[in-house]
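Contents: one structure, followed by commentary.
The values are calculated or read from the model by the stated rules, or taken from the named source; none is laboratory data. Keep in mind it's a predicted model, so treat the numbers as computed, not measured. Cβ atoms come from the backbone with ideal geometry, glycine included; neighbour counts cover every protein chain shown. Only protein heavy atoms, including side chains, enter the accessible area calculation; ligands, DNA and RNA are left aside. Shrake-Rupley method; radii C 1.70, N 1.55, O 1.52, S 1.80 Å.
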Amino acid sequence: MLGRRPLLAGLLLPVAERDPACGPVERAHPMAWRNPRFGLGMTYPSSFRLDPDSIPASGDTTRFATADGQATAVVTAFRNGLRQSLPDLFAEARRDVTENSGGVITYQQSRENWFVLSGYMAGRIFYRRSLLTAGAAVIGTLWIEFPGACGPASSRRWP
């Protein structure tokens, strides 16, 4: 955790074997980011850069990308105005990936206040982690995408 606030995710992309066509792996040093409005935070590798133009006035969304733009991470946080439960959010996320986007989920996990989905969509590997914080009043989501060939060798069950 950063301070005493919920941690959205640890390091975004593990280093593993990669396709040589993807280029060299930059030695990444952990960086920290925090959403001041909702108190969500995470660490991310220095190979990702924060896009300051992606942050709206509300501060609800932040986008990160590698220098080549091949891997992206988007963090969102917003009030849970509909008071959705975690099982409802989990089911909605699964439907969005499989029915709305034609993706395939290869890994899923759910705990008391968070869930993870990962798999393949449009030729890319995706990873989604969502959590409920502040008594289920806030929904935080991390969405990461990267080319399938450039991801970790163990991507079928990552992380």
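Below, the figures for the structure above:
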quantity	calculated
Accessible surface, 1.4 Å probe, highest first, among residues Met121, Met31, Met42	Met31, Met121, Met42
Additional length obtainable on full extension of the chain from Thr98 to Ser46, 0.36 nm per residue less Cα span	15.6 nm
Sites matching chymotrypsin sites (Phe, Trp or Tyr not before Pro) across segment 73-119 that sit in DSSP coil, with at most 10 neighbouring C-beta atoms within 10 Å	none
Compactness relative to 2.2 N^0.38 Å, alpha carbon Rg of segment 49-134	1.18
Computed lengthening from Asp68 to Ala137, 0.36 nm per intervening residue step minus Cα-Cα distance	21.2 nm
FRET E, pair Ile105, Ser85, Förster distance 25 Å, beta-carbon r, rounded to 0.05	0.80
